[in-house]
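To start, the structure under review is shown below, and the notes come after it.
Any read-out appearing in this document is the output of simple, stated calculations on the displayed coordinates, not a laboratory observation. For clarity, every value in this text was computed on a predicted model and none was experimentally measured. In this analysis, Cβ positions are derived from the backbone assuming ideal geometry, glycine residues included, and neighbour counts consider all displayed protein chains.
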Amino acid sequence: EAGVTQFPSHSVIEKGQTVTLRCDPISGHDNLYWYRRVMGKEIKFLLHFVKESKQDESGMPNNRFLAERTGGTYSTLKVQPAELEDSGVYFCASSQDWTDSYEQYFGPGTRLTVT
Amino acid sequence: DAKTTQPTSMDCAEGRAANLPCNHSTISGNEYVYWYRQIHSQGPQYIIHGLKNNETNEMASLIITEDRKSSTLILPHATLRDTAVYYCIVRVNFGNEKLTFGTGTRLTIIP
């Protein structure tokens, strides 16, 4: 069974540009999460999808970040325009059940560098 | 979610048992204790979780004190591949499902 995949693995962009990160969860997982670790800080939750609906987006830092999950399958996280402080590693995770979920499977992350 | 406290770093000799402590004195009755680890350049990996009973799986054992204010993750025979940052997280098992990562314990396995 394929795990959570993320694309690209690395992205280097200039300040003010737009970047879109993609996450493909494990097939059949209704729950999809985005987290990020910015330089020197802890891993922080961004948002949680249940199928195509945003269940919790309390961790989204500002309106420059837009997450979508059309059709309840893969998800994208767009940063527009990117700022220097957005640099870090963005992780996606998925889990299977709603009321009894416990294990979140993480992807390898996308390392974003904004110059 | 309750806050956890872990030592910043620990060393363990290869082949020995690694015992990683975690304090969670403000844990609520419906909160579980989870352990994840992050090996360098990889995403976090689930290890084990428990509510109040001790748990064991193929990776590790989890010992939770009777008052649930602390727990210990045990890697019975540590290998070099167990070198990682280990996170102890407490959270309810439904509803608010996000994981709140702290700073974790950097475990180094010494050859």
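Structure data summary
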read-out: Cα principal axis extents for segment A:36-115, largest first, Å; value: 40, 23, 20
read-out: The protein assembly as shown: radius of gyration over Cα atoms, expressed as a fraction of 2.2 N^0.38 Å; value: 1.03
read-out: Amide H contacts of B:Thr83 (H built 1.01 Å from N, under 5 Å, at least 5 apart or other chain); value: B:Ile109
read-out: Spatial extent of chain B: Rg and Dmax, with the Cα atoms as the point set, Å; value: 13.2, 43
read-out: Karplus (6.51, -1.76, 1.60) ³J(HN,Hα), θ = phi - 60°, over segment B:59-75, in Hz, Gly and Pro reported as x; value: 9, 7, 10, 10, 10, 10, 5, 4, 7, 6, 8, 7, 8, 9, 8, 10, 9
read-out: Rg/Rh (Cα only; Kirkwood hydrodynamic radius) as it applies to segment B:60-102; value: 1.03
read-out: With at most 16 neighbouring Cβ atoms within 10 Å, loop trypsin sites (Lys or Arg not before Pro) (DSSP) excluded, longest segment of chain A; value: A:65-115
read-out: Whole-Hz couplings from phi, Karplus 6.51/-1.76/1.60, listed for segment A:65-79; x for Gly and Pro; value: 9, 9, 10, 9, 8, 5, x, x, 10, 6, 10, 10, 10, 9, 10
read-out: Amide H within-cut-off set for A:Leu46, under 5 Å, with H built and near neighbours excluded; value: A:Trp34, A:Tyr35, A:Arg36
